[in-house]
1. For a protection proxy built on the mean count of beta-carbon atoms within 10 angstrom, sort 165-176, 123-134 highest first, please.
2. Roughly how many Å² of Tyr179 are accessible to a 1.4 Å probe, to the nearest 10?
3. For the chain, with all protein chains present and a 1.4 Å probe, just round the carbon and sulfur fraction of the accessible area to a whole percent.
4. Give me a comma-separated list of calculated 3J(HN,Hα) values for segment 170-183, in order, Karplus coefficients 6.51, -1.76, 1.60 applied at θ = phi - 60°, integers in Hz, x for any Gly or Pro.
5. Enumerate the lysines that Lys14 could reach by cross-link, defined here as Cα to Cα under 27 Å, with residues fewer than 8 away along the same chain left out.
6. Determine the per residue accessible area of segment 52-210 with all protein chains present and a 1.4 angstrom probe, expressed in square angstrom.
7. Decide, for segment 145-200, between rounded, prolate and oblate: order the square roots of the alpha carbon gyration tensor eigenvalues as a ≥ b ≥ c, take rounded if a/c falls under 1.5, and otherwise choose prolate if a/b is larger than b/c, else oblate.
8. For Ile104, what accessible area in Å² do you get when you roll a 1.4 Å probe over the heavy atoms of the protein chains, rounding to the nearest 10?
Amino acid sequence: MKLYMVPLAPNPTKVMLYIAEREHLGTEMNIEQVVVNTVKGRHKEPEHLARNPFGKVPVLELEDGSYLTESLPIIHYLEDKFPDGCLLGTNAEERAKALNLERIVELQLAIPMGRYGHAVNSPLGYPKDEKLAERLLGEMQMPLDYLENGLADKGPFLFGSDVSIADLTLQSALQFIRYVEAEIFGERPMLRQWDASYRERPAPQSVLRW
């Protein structure tokens, strides 16, 4: 299998973190990781469009030559293909709750974080938009409080005692925020502690660049 990715982008980073966490736990996936240089427009070239007609990453090329083009289905596929030591839990309740938290992080935080980063200091050259940045930061306060309170109740990870895909989703978005030199946590010591502790782990150190 091959994972077509670009290191800074949140969605590829989420899958890269997932693979690193599973391999750190002893699962040998043997997935070759191939950089698609989006700065040079490689994602819009025919070779990549044959993998994903939308011209996006990540793309997982399966052993039969077919492709998966969305980060969460890629993770689901790898959970099913390598079930020993999976991150989503072993029963229906655990899996549903872990996915529920990941969706909260993705929809309520990660997506607004990406728009916020571009509004304050876009690496793609988008114009700054202070009003949009202020609105997005305001919208993120409730989900940030939700995670802060959850860490205080059960930590050290977002879902409790073990790493879950919610941790991977938030860290992949935070890497972009760090890259554009923005700040979103405010006075939330539990989230700051979680961020520092998670990034000290071997798996994320092999993936995260910022």
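1. Final packing ranking: 165-176, 123-134.
2. Ignoring ligands and nucleic acids, Tyr179 comes out at about 90 Å².
3. For the chain, the apolar C and S fraction of the accessible surface comes to 51 percent.
4. Couplings: 5, 5, 5, 6, 5, 4, 5, 4, 5, 4, 8, 6, 9, 9 Hz.
5. Partners within reach: Lys2, Lys40, Lys44, Lys56, Lys81, Lys97, Lys128, Lys154.
6. 53
7. oblate
8. Around 40 Å² of this residue is reachable by solvent.
The values are calculated or read from the model by the stated rules, or taken from the named source; none is laboratory data. The structure presented is a predicted model; accordingly, all values stated were derived computationally and were not measured. Neighbour counts run over all protein chains shown; Cβ positions are idealised from the backbone, glycine included. Ligands, DNA and RNA are excluded from the accessible area calculation, which covers all protein heavy atoms including side chains. Shrake-Rupley method; radii C 1.70, N 1.55, O 1.52, S 1.80 Å.
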